[in-house]
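As structure tokens, the structure follows; a few thoughts come after it.
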Amino acid sequence: MRKEPILVYYVYRQGKDDADLIDEIKDRLTPLKRKGIMTTWERKEIKAGGNVQKAIAGYVNTANIFLILVSARLLSSDSHELEMVPAMERYNNNECIVVPIILRACDWTDAPFASLQVLPRDEKALASENSINLHTSLTEVMKEVKKIKIRRASC
């Protein structure tokens, strides 16, 4: 019997500066989607005229893994109350996994996820890397995320 795919919820606020990094992360997870191991959801999938709070609440309450793509833009957005706080409540109840990924240098020490191990593990923002180091760091981040997915899939 095949297990249902793991639902990964992307939490981010896209700006033109972050678009390439966010797309890289999504692209690197595509093979897992193709294999049916995971499916993803993000706020931008809400259709015009859709109830934003209701849609977000539905996915926040069912996601298995939250990838919080951290930047100053995210930390200054309404994602705090709508997405991060409920995700952390579920995490604290052992109902999901939350993985913060630092896209850009910013002060995230007061964020709801500040007590969690972030990726990259050295806490260096992905955007601070040169192009060679960026691809190495992204590969390491995705290896960590893949381990989580495989571990979660076997539960």
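Residues 52, 11: which one is open to solvent by less than 10 Å² (accessible area, probe 1.4 Å) and of a type outside the set (Asp, Glu)? Give the steps one after another, and end with the answer.
On the way: 52 fails: open to solvent by less than 10 Å² (accessible area, probe 1.4 Å).
Answer to the selection: 11.
From the list 63, 55, 48, which residue is under 22 Å from residue 95 (Cβ atoms), in a loop (DSSP other than H, G, I, E, B) and at pLDDT 90 or above? Even if it seems obvious, please write down each step before you answer.
Working: 55 fails: in a loop (DSSP other than H, G, I, E, B); 48 fails: under 22 Å from residue 95 (Cβ atoms).
Criteria check complete, one pass: 63.
Could you grab the pairs with beta carbons closer than 9 Å, sequence gap of 6+ or different chains, first residue in the range 131-150 and closer than 20 Å to residue 8 by Cα, second one modelled with pLDDT under 85 and open to solvent by 20 Å² or more (accessible area, probe 1.4 Å)?
138/129
Within the range 32-54, which residues are among the hydrophobic types (A, V, I, L, M, F, W, C) and out of contact with any helix residue (DSSP H, G or I) (no Cβ under 8 Å at 6 or more places or on another chain)? I'd like the intermediate steps shown before the answer.
Filtering the range 32-54 for residues among the hydrophobic types (A, V, I, L, M, F, W, C) gives 32, 37-38, 41, 46, 48, 52.
Answer for the range 32-54, where residues must be among the hydrophobic types (A, V, I, L, M, F, W, C) and out of contact with any helix residue (DSSP H, G or I) (no Cβ under 8 Å at 6 or more places or on another chain): just 48.
Under 7 Å by Cβ, and 6 or more places apart or on different chains, what pairs join a residue from the range 26-38 that is closer than 18 Å to residue 139 by Cβ with one that is in a helix (DSSP H, G or I) and of a type in the set (Ser, Thr, Tyr)?
none
Give me the residue from the range 74-85 that is in contact (Cβ under 8 Å) with a residue 24 or more places away in the chain and over 12 Å from residue 108 (Cβ atoms) and, out of that set, surrounded by the fewest Cβ atoms within 10 Å (Cβ to Cβ).
Within the range 74-85, the match that is surrounded by the fewest Cβ atoms within 10 Å (Cβ to Cβ) is 85.
Only residues in the range 1-23 that are among the aromatic types (Phe, Trp, Tyr) count as the first member; pair them with residues that are not in a helix (DSSP H, G or I), Cβ under 6 angstrom, at least 6 apart or cross-chain, and list the lot.
The qualifying pairs are 9/41; 9/63; 9/66; 10/42; 10/67; 12/69.
Restrict the check to the range 116-129 and report whether at least one residue is part of a helix (DSSP H, G or I), of a type in the set (A, V, I, L, M) and open to solvent by less than 90 Å² (accessible area, probe 1.4 Å). Steps first, please.
First, the residues of the range 116-129 that are part of a helix (DSSP H, G or I): 126-128.
Retained after the next criterion (residues that are of a type in the set (A, V, I, L, M)): 126-127.
If we keep only those that are open to solvent by less than 90 Å² (accessible area, probe 1.4 Å) too, we end up with 126-127.
Scanning the range 116-129 turns up at least one residue that is part of a helix (DSSP H, G or I), of a type in the set (A, V, I, L, M) and open to solvent by less than 90 Å² (accessible area, probe 1.4 Å).
Being part of a strand (DSSP E or B) and open to solvent by 40 Å² or more (accessible area, probe 1.4 Å) is the filter here, so list the residues in the range 32-45 that pass it. Before the answer, list the steps.
Step one: filter the range 32-45 for residues part of a strand (DSSP E or B), giving 38-42.
Hit for the range 32-45 is 39, nothing else.
Of all the residues that make up the range 1-31, how many are part of a helix (DSSP H, G or I) and touching a helix residue (DSSP H, G or I) at 6+ places or on another chain (Cβ under 6 Å)? Even if it seems obvious, please write down each step before you answer.
Initial filter on the range 1-31 (part of a helix (DSSP H, G or I)): 19-31.
Filter again for touching a helix residue (DSSP H, G or I) at 6+ places or on another chain (Cβ under 6 Å), leaving 21, 24, 28.
Of the residues in that region, 3 qualify.
The values are calculated or read from the model by the stated rules, or taken from the named source; none is laboratory data. The structure displayed is predicted, hence computed values, not measured ones. No Cβ is skipped: glycine too gets one built from the backbone with ideal geometry, and neighbour counts run over all protein chains shown. Just so you know, the surface numbers come from the protein's heavy atoms only, side chains and all, with ligands and any DNA or RNA stripped out. Shrake-Rupley method; radii C 1.70, N 1.55, O 1.52, S 1.80 Å.
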